[in-house]
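The values are calculated or read from the model by the stated rules, or taken from the named source; none is laboratory data. A quick note: this is a predicted structure, and the numbers were derived from the prediction, not measured. Note: ideal-geometry Cβ built from the backbone for every residue, glycine included; neighbour counts use all protein chains shown.
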Amino acid sequence: MKNFTVEEKKKSIVNNYAKIAVSNDDCGCNTSCCGGSINSNDTSVNLGYSQEQLNSIPDISNMGLGCGNPSAIASFQKSENVLDLGSGAGLDCFLASQSVGETGFVIGVDMTREMVQKARKNAKDNKYQNVDFRLGEIENLPVKDNSIDVIISNCVINLSLDKQRVFNEAYRVLKTGGRLAISDVVLTKDIPSDMIDLDSYGSCIAGAVFIDDLKIMLQNSGFKNIKITPKNESREFLKDWSNNIENYIVSSNIEAVK
């Protein structure tokens, strides 16, 4: 296995999601668009979204990405401020905006310019008034200290090349008592080196880490009440990502409190 540089890995990740953003096809969380072989609505239902949720948001915001449904564990309350790490075309932000109401506010941060442009257009076209999409890296959040009630994310932190800094930043922007409600993939055993290539860093595979390592990072950032719950049923949709990858990673709910 070649040792790729940080710059090479980051470029692969950005290019992957830029390609998905500008494509008119349905795409999964992998390195290439899947053409018509994957239906984004069906994929999202398999990930844990209800059809009622999907019917309530713009179809174009649902690109069939992710590995779970963070809104199912976020327990949104009216008037809360929500931050989505890696907001894509806006699916989870739009669901959160409905839950927090007009007095709440939702910020989506994404490092892919094309995704931010698509999300902003979706918000404007559908008259969302309480959502703001910002171009930025989740390792350097363009968000004020102590301003967020709940952070959500859907299969994005595994992509980060500096996860400890992501959790440090999450802790910084959360209010005291604020919480994490994250869906992401974690390792169940080491992925063989012959399954790791440059594309795998942009496809929610090569960057996954073990649960114990995630817990240490969260503790180092200061989080309490850490709970990481593997979803064994995710093996079924993980089979579509890459050959045999379901034997090495699993989707999990990641929860913690500041």
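Data overview
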quantity	calculated
Test: residue in the stretch 26-34 that is modelled with pLDDT of 55 or more, assigned to a loop (DSSP other than H, G, I, E, B) and closer than 21 Å to I249 by Cβ	no
Residues of the stretch 122-137 satisfying the condition of being buried (at least 16 other Cβ atoms within 10 Å of the Cβ) and over 24 Å from V166 (Cα atoms)	N122, A123, Y128, N130
Criterion: surrounded by 19 or more Cβ atoms within 10 Å (Cβ to Cβ) and more than 24 Å from D199 (Cβ to Cβ) - qualifying residue of G90, G101, G86	G90
Leading residue by the ranking (surrounded by the most Cβ atoms within 10 Å (Cβ to Cβ)) among those in the stretch 232-257 that are farther than 23 Å from N16 by Cβ and modelled with pLDDT of 95 or more	A256
So N140, is it at pLDDT 95 or above, closer than 20 Å to N253 by Cα and either of a type outside the set (D, E, K, R) or crowded, with 24+ Cβ neighbours inside 10 Å (or both)	no
Those residues of the stretch 150-174 which are touching a Leu at 6+ places or on another chain (Cβ under 6 Å) and of a type in the set (F, W, Y), in sequence order	F167
Residues that are under 11 Å from S183 (Cβ atoms) and acidic (D, E), drawn from the stretch 62-107	D92
Residue under evaluation I182, criteria (1) without any contact (Cβ under 8 Å) to a residue 24 or more places away in the chain; (2) within 29 Å of A119 (Cα to Cα), criterion not met	(1)
Tabulated pairs, the stretch 203-229, first under 18 Å from T188 (Cα atoms), second crowded, with 17+ Cβ neighbours inside 10 Å and of a type in the set (K, R), C-beta under 9 angstrom, 6+ apart or interchain	A206/K9; G207/K9; G207/K163; V209/K163; D213/K163; L214/K163; M217/K163
